[in-house]
Amino acid sequence: MINKITLIGSCVLLTLAISCSKPTPPHRSVSKSYDTLVEFFKSWRKFQQPNMKDGVPDYSIAAMKNQQEQLVTWKQRLSSFDTTGWPVSHQIDYYLVWAEMNGLDFDHRVLQPWVRDPAFYVWFYPSPSDVPKREGPAIFGAIELSGYKKPLSGEDAKEIAGRLRNAKAVFDQAKINFKSNAKDLWLYGTRSIREQSNDLGSFAKSISSTYPDLASAAKEAQESSNQFASWLDQQASSKTGQSGVGKENYSWYIRNVHLVPYTYESEKNLLERELARSHSALRFAEHQNRKLPKLNKASNEQEYKKLLTTGVEEYMAFLEKEDFLTVQPYMKPAMMAQIFDFVPSDSLQGFFYEIDYRDPMPMRAHHYHWIEKEREIQEPNASPIRRMPLLYNIFDSRAEGMATAMEELVMNAGLLKDRQRATELVYIMLAERAARGLGGLYQHGLEMNFKQATEFADKWVPWGLLPAIGETIQHEEHFYLRQPGYGSSYVVGKADIDKLIAEYARQREGKFSLKEFMDEFNTVGIIPVSLVYWQMTGSKAMLNEALKKDL
């Protein structure tokens, strides 16, 4: 059965077809400069943020209704720009602003995280994200602990304490705002709130002797978080509805917000194909390697640290020696910072630990994320619009697609020639991404519920490395349910980067340079691959495909 929210979203989708369709500026007589667009963008970002009341963002029904009504005027103002004659890079920035406006539009019409998603109200994040901005719908003003320098200064400790003491007001507002019957979002969002409580407790303990007032504030926030989780538990039995957005809404979203040239069905076909390819490639790799010793996991701290430290050294040396890209001084330290403490266990650990403890190279390739994070600081983008992380995870096909692509790109370039068994891990990682991506897709298409999605991923990830009840897939399928399109972005983004490489190289037949490609690719910015394709090839074909009305 299609849920009420999906039906409402579909109806509104039809009534807003004109305002949400391909951005063809209707007021062509109005000529505005790129500099004006930049100033407009800055104002837009301020409008997009909710109003703050005593340190608490206002997501009340009245406030959100007012913002949605005003959004119509903002769209009209953007459509008045005449981009005729602008350089491609400036036209691309126009589309980025347009996509963000569509993101807010979709939030109001369909997703409504402040009404449907308890995890939206997580107020404290102790660990950094590996992409430009926190994944998934997140409440404005949430505390990102990694955004403060370590060790904490007295001034920062005072600021964080003040923000933590707003937690109760945040959760009290959430109780008023919630008008949801979305069962899976409710149940697994409650778990996110409980995890927040644990994080606050650990944080309080870690700074109790250094900043006792901050520790006290963290304990107060922990108690408020616990009370909120208990309240959510009390409501849980009444929740019976679907949580996915439906196929039509999903297709509109990925095309008009994330600028991805697919629909629900075409993404499904692509991910199913990649899942089959990964299994086939894995079995042939296993056959080729059948006489080689099997990969054993690191069994202690010393072995693990040596494995990963040596892995980073070899990985960075490979990138430089093979002219893969221009290696900058900041890149190696950024990679070294992602070597964590060893966690002994006789049973299965998280999926990516299972990979890392066997061979470090596949995950070092995916950790291209951290090189990109540091590049944002050391080499900020020339565009003032691209310099700021895109809202609504619009960056996902580029950020996750490239990190995933790197696993096979460096393998194809020869990184694993002396690590034949590691090729098996690369294909297992691809299978995991395709399987979990399909789980997220099926949830939004209302073909599976959360439990079925986790069981599907468990079934299709080789070696039994992703059990349905394990922490990895439990968190991932919940996140993909919260953020349409993210689960598929790893595989879909990788496929579109393959298309970009193909066209870029075709235009330079016989003169293709991988280093030149990578360096240019990196300067374009972490924006949808369809826009990167346009800037690097001069062809708007991929973007036009995303914006076709008959897709």
Note to self: Regarding region 113-122, can at least one residue be identified that is buried (at least 22 other Cβ atoms within 10 Å of the Cβ), of a type outside the set (Val, Ile, Thr) and in contact with a His (Cβ under 9 Å, 6 or more places away or on another chain)?
What the structure shows: yes
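For region 292-305, indicate whether the set of residues that are touching a helix residue (DSSP H, G or I) at 6+ places or on another chain (Cβ under 9 Å) and either within 30 Å of residue 483 (Cα to Cα) or of a type in the set (Ser, Thr, Tyr) (or both) is non-empty. If you could, list the steps in order and put the result at the bottom.
Start the filter on region 292-305 by keeping residues that are touching a helix residue (DSSP H, G or I) at 6+ places or on another chain (Cβ under 9 Å), which leaves 292-295, 297-298, 304.
Add one more test, that the residue is either within 30 Å of residue 483 (Cα to Cα) or of a type in the set (Ser, Thr, Tyr) (or both), and what stays is 304.
The answer is yes; a qualifying residue exists.
Can you tell me which of 388, 402 is in contact with a Phe, Trp or Tyr (Cβ under 7 Å, 6 or more places away or on another chain) and either under 30 Å from residue 45 (Cβ atoms) or free of Cβ contacts under 8 Å to residues at least 12 places away in the same chain (or both)? Give the derivation first.
Details: 388 fails: in contact with a Phe, Trp or Tyr (Cβ under 7 Å, 6 or more places away or on another chain).
When all the criteria are applied, what remains is 402.
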Counting only residues in region 483-533 that are of a type in the set (Lys, Arg) and out of contact with any Asp or Glu (no Cβ under 6 Å at 6 or more places or on another chain), the one nearest to residue 326 (Cα to Cα) is identified as 511
Within region 126-181, the residues that are closer than 27 Å to residue 236 by Cβ and part of a helix (DSSP H, G or I) are 164, 167, 168, 169, 170, 171, 172, 173, 174, 175, 176, 177
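Let's see how each residue does on (1) surrounded by 15 or more Cβ atoms within 10 Å (Cβ to Cβ); (2) touching a residue at least 40 places away in the same chain (Cβ under 8 Å); (3) touching a Lys or Arg at 6+ places or on another chain (Cβ under 7 Å):
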| position | (1), (2), (3) |
| --- | --- |
| 290 | no, no, no |
| 297 | yes, yes, yes |
| 318 | yes, yes, no |
| 323 | no, yes, yes |
Across (1) without any contact (Cβ under 8 Å) to a residue 24 or more places away in the chain; (2) within 17 Å of residue 184 (Cβ to Cβ); (3) in a loop (DSSP other than H, G, I, E, B), residue 417 clears everything bar (2)
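Does at least one position in region 507-525 carry a residue that is in contact with a Ser or Thr (Cβ under 9 Å, 6 or more places away or on another chain) and closer than 27 Å to residue 435 by Cβ? Talk me through it step by step, then tell me what you get.
Kept after step one, since they are in contact with a Ser or Thr (Cβ under 9 Å, 6 or more places away or on another chain), are these residues of region 507-525: 507, 515, 518-519, 522, 524-525.
Then drop every residue that is not closer than 27 Å to residue 435 by Cβ, which leaves none.
No, that holds for no residue.
Going by the structure shown, is residue 154 touching a residue at least 24 places away in the same chain (Cβ under 8 Å), surrounded by fewer than 16 Cβ atoms within 10 Å (Cβ to Cβ), in the same structural domain as residue 217 (by TED's automatic domain parsing) and among the small types (Gly, Ala, Ser)?
Working: touching a residue at least 24 places away in the same chain (Cβ under 8 Å): yes; surrounded by fewer than 16 Cβ atoms within 10 Å (Cβ to Cβ): yes; in the same structural domain as residue 217 (by TED's automatic domain parsing): yes; among the small types (Gly, Ala, Ser): yes.
The answer is yes for residue 154.
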Here the residues within region 221-249 that are surrounded by fewer than 24 Cβ atoms within 10 Å (Cβ to Cβ), of a type in the set (Ser, Thr, Tyr) and either in contact with a Pro (Cβ under 6 Å, 6 or more places away or on another chain) or in a loop (DSSP other than H, G, I, E, B) (or both) are 237, 238, 240
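The values are calculated or read from the model by the stated rules, or taken from the named source; none is laboratory data. Note that this is a predicted model, so its numbers are computed, not measured. Quick reminder, even Gly has a Cβ in these numbers, built from the backbone with ideal geometry, and neighbours come from all protein chains shown.
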